[in-house]
1. What FRET efficiency would be calculated for the residue pair L278, W53, taking the C-beta separation as r and a Förster radius of 56 Å, to the nearest 0.05?
2. I want to check the label-to-label distance for S233 and N29. Put each point 7 Å from Cα in the C-beta direction and report it in nm to one decimal.
3. Just to check I understand the Karplus step: with θ = phi - 60° and J = 6.51 cos²θ - 1.76 cosθ + 1.60, what whole-Hz values come out for the stretch 148-157, glycine and proline as x?
4. Holding the Cα-Cα limit at 31 Å, pick out from K295/K380; K54/K310; K380/K436 the pairs that are longer than that.
5. Using packing as a proxy for protection, rank 345-353, 20-28, 67-75 so that the peptide with the highest average count of other Cβ atoms within 10 Å comes first.
6. Which whole-Hz couplings ³J(HN,Hα) result when phi for each residue of the stretch 429-435 is put into the Karplus expression 6.51 cos²θ - 1.76 cosθ + 1.60, θ = phi - 60°, listed in order with x for Gly and Pro?
7. Just subtract the alpha-carbon distance of W16 and F38 from 0.36 nm times their residue separation and send over the number in nm, one decimal.
8. Distance in nm between label sites at A137 and E373, each 7 Å beyond Cα in the beta-carbon direction?
Amino acid sequence: MLESIIEPLIIVLTLWGLAIWFDGELLPNYLIFSVIIFSVTFPGNTKINIAPWKIIRNILVSWLILASMLLTFALATHHLGFFDKYVMQIWLWLTPICQIIAVFALRGIAPFILQIQGPTRYAIIAGMNKQGISIAASLQNSEYNNTECLGFFDDRSADRLSVELDGEIQHPILGKITDITEYMQQHQVDIVYMSLPMENRPRIVKVLDELKDTTASIYFLPDIFLTDLIQGSVGQVDGIPVITLCETPFAGIDGLIKRVFDLLFSVAALILISPILLIISLGVKMSSPGPVIFKQRRYGLDGKEILVYKFRTMTVAEDGAVVVQATKQDQRITPFGRLLRKTSLDELPQFINVLQGRMSVVGPRPHAVAHNETYRKIIKGYMVRHKVRPGITGWAQVNGFRGETDTLEKMQSRIEYDIDYLRNWSAKLDIYIVLKTIAMLLRKEKNAY
């Protein structure tokens with residue numbers, strides 16, 4: 001909890017302190033700004049158990065990305081004048097220093113916090129499998145917890161487990177599942193992690209019944225490796241506990257943050273690039289006959305069809321049952337269109353799609369409907385990428401999977417990056433993708449045709 005809140009809290013408290021110091025009071029504009037900043041940065045991602053230089057690097061990189069985006073928005077929307085310039089200048093320089101000091105202070109007092117929590121607690125794990133091994137490794141490798149894993153209980157032999165788990169056994173096997181109760185009567189055990197396969201329900205119920213005669217805390221580890229978790233979490237539906245296996249990351253306040261970011265960014269972008277849009281429109285019209293804007297059906301949020309806008313770059317406007325991707329020497333591409341595609345300027349009209357709510361600035365790139373219908377049948381999890389709005393740029397694109405996907409392996413890799421984006425989304429990740437996209441556009445992009 002302290003790790004997740006310390007960085008956002010320091011950002012806000014530093015801003016408040018400087019505002020009060022220079023203005024004598026905390027004005028409403030700083031309060032509103034601090035709420036936005038806290039929402040964007042919470043939860044923090046600092047890990048006090050990693051190397052000190054990595055802590056410093058993570059803080060500086062995260063702050064540089066956030067500060068760059070804030071300044072860009074402020075200058076584009078002329079909101080910088082709402083704040084005292086000295087407050088903002090000092091805040092931009094002082095905040096990362098305060099964050100580093102605060103994180104290292106937490107790192108220093110963490111052992112004392114653990115002592116306050118009480119003596120070492122001892123845990124056993126019923127069932128040796130991947131999720132059980134992950135829990136054991138986490139308990140063993142973290143310096144900042146007061147729980148020690150004693151070992152595993154499993155009905156399989158040590159030799160068989162070693163083969164099935166590729167030699168990942170690093171903790172002792174204390175006995176069979178039926179030996180748990182007897183072991184707990186003879187040793188101090190505070191926690192039991194139930195990591196048994198879900199198909200073994202009778203055995204799970206039997207163990208739980210036996211553990212009712214103990215005072216140990218019991219945690220059930222569902223076999224999450226049966227499927228890829230997308231925004232996995234534990235919640236309730238009218239008091240009934242449920243485990244989320246696949247959900248959009250943009251629920252509740254996160255959805256609001258995402259939409260506000262999209263609106264502000266797209267409005268600012270359209271204002272700044274309006275002269276470029278006019279010049280490109282004239283260039284498209286003069287380079288070849290046909291419409292300036294090419295509209296193509298794509299799959300959007302929840303797999304519903306949307307119309308995506310692009311500047312026309314070809315002599316054709318394909319949107320039928322079969323759509324052929326552009327290739328390196330594609331004769332359909334006009335000379336002016338090739339320049340647009342190489343620089344991604346043909347994508348600029350999609351900021352209008354963002355304003356319409358059809359797309360997002362950052363998200364999985366939308367594919368033609370014909371491609372969707374092909375790949376959804378042969379790539380596992382393909383449609384999961386449609387749990388969010390498609391984006392003008394995305395995690396796959398900044399990792400080298402932009403442009404033609406002429407092999408199944410390339411498309412598979414693109415989908416893996418898209419799902420990874422859904423699994424690990426944060427406002428910081430969106431900002432990082434935007435900045436990396438800009439950097440990529442400033443250099444020659446070999447995959448764009």
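The values are calculated or read from the model by the stated rules, or taken from the named source; none is laboratory data. Since this is a predicted model, take the numbers as computed values, not measurements. Cβ: placed from backbone, ideal geometry, glycine included. Neighbour counts: every protein chain shown. Just so you know, the surface numbers come from the protein's heavy atoms only, side chains and all, with ligands and any DNA or RNA stripped out. Shrake-Rupley method; radii C 1.70, N 1.55, O 1.52, S 1.80 Å.
1. Details: r = 49 Å, r/R0 = 0.87.
It comes out at approximately 0.70.
2. Roughly 3.4 nm, to one decimal.
3. The phi angles translate into 10, 7, 7, x, 10, 10, 7, 7, 7, 6 Hz.
4. From K295/K380; K54/K310; K380/K436, over 31 Å: K54/K310.
5. Numbers: 345-353: 21.0, 20-28: 11.2, 67-75: 15.9.
Output ranking for 345-353, 20-28, 67-75: 345-353, 67-75, 20-28.
6. In residue order, the calculated couplings are 5, 4, 4, 4, 5, 4, 5 Hz.
7. Numbers: separation 22, 0.36 × 22 = 7.92 nm, distance 1.24 nm.
My answer for the length gained is 6.7 nm.
8. 4.3 nm
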